[in-house]
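S.K.: First, the structure itself, so that you have it in front of you.
What follows draws every value from the coordinates through simple rules; no lab data is involved. What you see is a predicted model; the values in this text were computed from it and never measured. Using ideal geometry, Cβ is built from the backbone for each residue, glycine included, and neighbour counts are taken over all protein chains shown.
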Amino acid sequence: MKSPLIKIKKTETKKLKEFDFPAPMYFIVKFFHTFSPLANIVHTVESYQLKKRMEKTIIDRPIYVTGLARAGTTITLEMLNKHPDVAAHRYLHMVLPYSPHWTQNIADYTPIMKSPVERLHKDRIAVTRDSPEAVEEIFWQRFFKNTHDETKSNILDTTTQNPQFERFYSDHLKKLLINRNASRYIAKNNYNVARMEYLQKLFPDVKFIIIIRNPFDHIASLAKQDGILKELEHNDPRLLDWTKLIGHREFGTAKVCINFNNPKIVQKIRAFWKRKETYIEGWAVYWAEAYSYIHKTLQRNTNLAKASLMVRYEDLCEESEATINKIIDHIEVDPKKFRKIKKYYSKRLTKPTYYISKFSTKEQEKIIQITGEIAEKYGYVF
């Protein structure tokens, strides 16, 4: 269902039907998804080639940017990825995600996707094949079969064990760092809000940047994006399959809720989403559930709280320099190497103006009623 409450300016919708991606990319990803043993072989052979270098590589204070989609996680990743000591997955890694070193080397000899284009989200963010992207969800959904199963808890915590994944993941990150000649790994993954304790178990020195956004603007953006993806799926049926293959299932026909060990809430959200009259209310419940879980987890787990920095999207846009300084200080990267980048983004970061939200009085009251209590804990007062 496309929300009638979100209007996107005409300049932003005129190219909706033009979304396309190279057919070879789609079929290669689908091939390795279907024949996963071959993906293991590719990973193993590449690891063997890089074995000596991997033995000398340390995964030092990996950085994870997370929060619900449309909170500002992508622009935060884009900015931090420009630090010379940091390495993230790139769009090009989606083609052959199991061999980050070889994939980059092959891409260097191809002309595909070199020119910037606005990503399918239609949110002013231009991308090329070298732009940072959330690729690692491909691995999470493969090694954790229930990660996108709404009927089961999606939380991974200190009790979680998956030796096969842990060996693979560690080796994979090392290969990425080697290829980029970097010392720090960074990833943006919205699903990681339910995996922070597990990630800290794997990497005790981990750093989290958790992005939150005013629920009114956030819900408007979520609804807008859901409508865009559904229209794109209608115009290009491959996209529905593509979102399932890469694990990006926050929007569209294949979207799934993160189950924070509360199946009744998921059922409630689903029921709200089915009806036009309660569609926005469903997003409000989801927002409150996610950020309530984050708040309770950080209150309970002091070590995780020390490793985490909550960043309000509004502060990132309105008090950019001060907020960026806090982020750089928290993740412990060299601030001197980031001066020009900080200056650039301090001038560039602004709130979006390309869509207009029109909530009815009843919907405004529902958003306040549902999100108000948890929003206040993050400094939002209605």
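S.K.: I want the local charge near Lys51. Using Cβ-Cβ distances under 13 Å, sum +1 for each Lys or Arg and -1 for each Asp or Glu among the other residues.
M.R.: Net charge in that neighbourhood comes out at +2.
S.K.: With each label point set 7 Å from Cα along the Cα-Cβ vector, what nm distance links Asp60 and Tyr48?
M.R.: Reported label-point gap for Asp60 and Tyr48 is 3.1 nm.
S.K.: If you don't mind, another one. When the helices in the chain are scored as -39500 (n - 2.57) per DSSP H run of 4 or longer and the sum is shared across all residues, what 222 nm value do you end up with, to the nearest 500 deg cm²/dmol?
M.R.: When only DSSP H runs of four or more count, the value is -15500 deg cm²/dmol.
S.K.: If packing is taken as the average count of other Cβ atoms within 10 Å, what order do 217-225, 131-139, 310-318 fall into, highest mean first?
M.R.: Highest to lowest by the protection proxy: 217-225, 131-139, 310-318.
S.K.: For the cross-link pairs Lys145/Lys326; Lys30/Lys230; Lys56/Lys337; Lys52/Lys201, which exceed 28 Å when the distance is taken from alpha carbon to alpha carbon?
M.R.: Pairs exceeding 28 Å: Lys145/Lys326.
S.K.: Further, regarding this structure: If packing is taken as the mean number of other Cβ atoms within 10 Å per residue, what is the order of 156-162, 207-213, 32-38, 59-65, highest first?
M.R.: 207-213, 59-65, 156-162, 32-38
S.K.: If you put +1 on each Lys and Arg Cβ and -1 on each Asp and Glu Cβ, how big is the dipole of the range 182-323 around its Cα centre, in Debye rounded to 20?
M.R.: The dipole magnitude comes to about 700 debye.
S.K.: Another question, if that's okay. What is the helix-to-structure angle for 339-348, meaning the angle in degrees between its Cα long axis and the longest Cα principal axis of the chain, kept from 0 to 90 and rounded to the nearest 10?
M.R.: 30
S.K.: Gap in Å between the Cα centre of the range 205-251 and the Cα centre of the range 277-294?
M.R.: 15
S.K.: Based on the mean of other beta carbon atoms within 10 Å per residue, what is the order of 236-249, 172-185, most packed first?
M.R.: Ranking, from highest mean packing down: 172-185, 236-249.
S.K.: Can you tell me what share of the DSSP beta bridges in the chain is antiparallel? A percent to the nearest 5 is fine.
M.R.: Looking only at bridges with both residues in the chain, the antiparallel portion is about 30 percent.
S.K.: What is the order of Arg90, Arg167, Arg70, fewest Cβ neighbours within 10 Å to most?
M.R.: Arg167, Arg90, Arg70
S.K.: With a point put 7 Å past each Cα toward its Cβ, work out how far Lys82 is from Arg270 in nm, to one decimal.
M.R.: Result for the modelled spin labels: 4.3 nm.
S.K.: Once you put a point 7 Å from the Cα of Gln364 and another 7 Å from the Cα of Ala322, both along the Cβ direction, what distance in nm separates them?
M.R.: Once both label points are built, they end up 2.8 nm from each other.
S.K.: Kindly write out, for the range 282-287 in residue order, the coupling ³J(HN,Hα) from the Karplus curve 6.51 cos²θ - 1.76 cosθ + 1.60 (θ = phi - 60°), rounded to whole Hz, with x marking Gly and Pro.
M.R.: Coupling constants for the range 282-287: x, 5, 5, 5, 5, 4 Hz.
S.K.: To continue, here is another question. For every other residue with a beta carbon closer than 14 angstrom to the beta carbon of Glu197, add +1 if it is Lys or Arg and -1 if Asp or Glu, then tell me the sum.
M.R.: After counting each charged neighbour, the total is +4.
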